[in-house]
């Protein structure tokens with residue numbers, strides 16, 4: 001009887017130990033995440049949204065999950081070929097500090113139609129746990145590249161550069177890029193380039209998760 005009772009206690013202890021799992025706390029780029037870590041057979045698994053936060057493209061179609069790491073464009077000569085994280089319209093790019101999504105691009109004009117250009121709707125979000133602005137995190141220029149290779153600079157880029165955003169806050173704005181009427185009307189926009197210097201973020205106490213934090217948006221494709 002004692003042996004049976006002892007065996008039962010041992011089995012109960014083993015069953016209890018089998019149900020106990022380690023509790024994991026997830027940190028993403030130095031910030032705590034609200035997404036739970038699931039433990040299955042002793043192995044921790046993270047949510048797909050965590051991968052999106054790290055700039056990894058996640059697509060779920062039917063029973064297939066496709067993952068793509070952030071694309072980088074190696075310099076190939078010319079001012080528009082700096083290494084950057086690349087994406088399409090509607091795709092959120094994340095460099096460890098900023099999340100940027102180019103929403104739309106449309107033609108605009110001013111001075112009774114004498115000067116034309118393009119307006120880019122941009123969503124810009126703070127992905128850190130500090131209050132920061134773009135200027136003091138190494139963001140330098142925003143450039144619209146037309147299909148013929150010519151470039152336009154934003155007239156109101158200061159709306160993005162000087163805006164202080166607290167943790168997880170975002171800013172949605174319309175950036176205006178003007179040129180001579182004939183150039184803007186005859187040539188469509190092809191790329192949006194955001195030049196960012198990684199070292200520029202150090203003074204704000206944040207750091208980029210990639211050595212190529214600049215953004216490059218292909219305005220010809222849509223996600």
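Within segment 153-171, residues that are outside the structural domain of residue 100 (by TED's automatic domain parsing) have Cβ atoms under 6 Å from residues that are outside any loop (DSSP other than H, G, I, E, B) in no pair, counting only partners at least 6 apart in sequence or on another chain. Only strands (runs of 3 or more DSSP E) whose full extent lies in segment 123-223 are considered here, and the ones with at least 1 residues that are within 19 Å of the chain's Cα centre (by Cα) are 139-146, 170-180, 189-196, 215-222.
Hey, could you check segment 96-122 for residues that are part of a loop (DSSP other than H, G, I, E, B) and within 16 Å of the chain's Cα centre (by Cα) and say which is nearest to residue 157 (Cα to Cα)? Steps first, please.
Initial filter on segment 96-122 (part of a loop (DSSP other than H, G, I, E, B)): 96-97, 111-114.
When the remaining residues are screened for being within 16 Å of the chain's Cα centre (by Cα), the result is 96-97.
Details: 96: 21, 97: 18 Å.
Applying the filter and picking the extreme gives 97.
The number of residues in segment 16-65 being outside any strand (DSSP E or B), under 26 Å from residue 91 (Cβ atoms) and at pLDDT below 75 comes to 14. Kindly check whether there is at least one residue in segment 174-187 that is surrounded by fewer than 17 Cβ atoms within 10 Å (Cβ to Cβ), closer than 19 Å to residue 215 by Cα and modelled with pLDDT of 90 or more. Within segment 174-187 (the criterion being surrounded by fewer than 17 Cβ atoms within 10 Å (Cβ to Cβ), closer than 19 Å to residue 215 by Cα and modelled with pLDDT of 90 or more), the answer is yes, since at least one residue qualifies. Within segment 100-116, is there a residue that is surrounded by fewer than 11 Cβ atoms within 10 Å (Cβ to Cβ), at pLDDT 90 or above and out of contact with any helix residue (DSSP H, G or I) (no Cβ under 6 Å at 6 or more places or on another chain)? Yes, segment 100-116 has at least one match.
State whether one or more residues within segment 130-139 are out of contact with any helix residue (DSSP H, G or I) (no Cβ under 9 Å at 6 or more places or on another chain) and crowded, with 21+ Cβ neighbours inside 10 Å. Among the residues of segment 130-139, not one is out of contact with any helix residue (DSSP H, G or I) (no Cβ under 9 Å at 6 or more places or on another chain) and crowded, with 21+ Cβ neighbours inside 10 Å, which makes the answer no.
The values are calculated or read from the model by the stated rules, or taken from the named source; none is laboratory data. Because the structure is a prediction, the values reported are computed rather than measured. Neighbour counts are summed over all protein chains in view; Cβ atoms, including those assigned to glycine, are modelled from backbone coordinates with ideal geometry.
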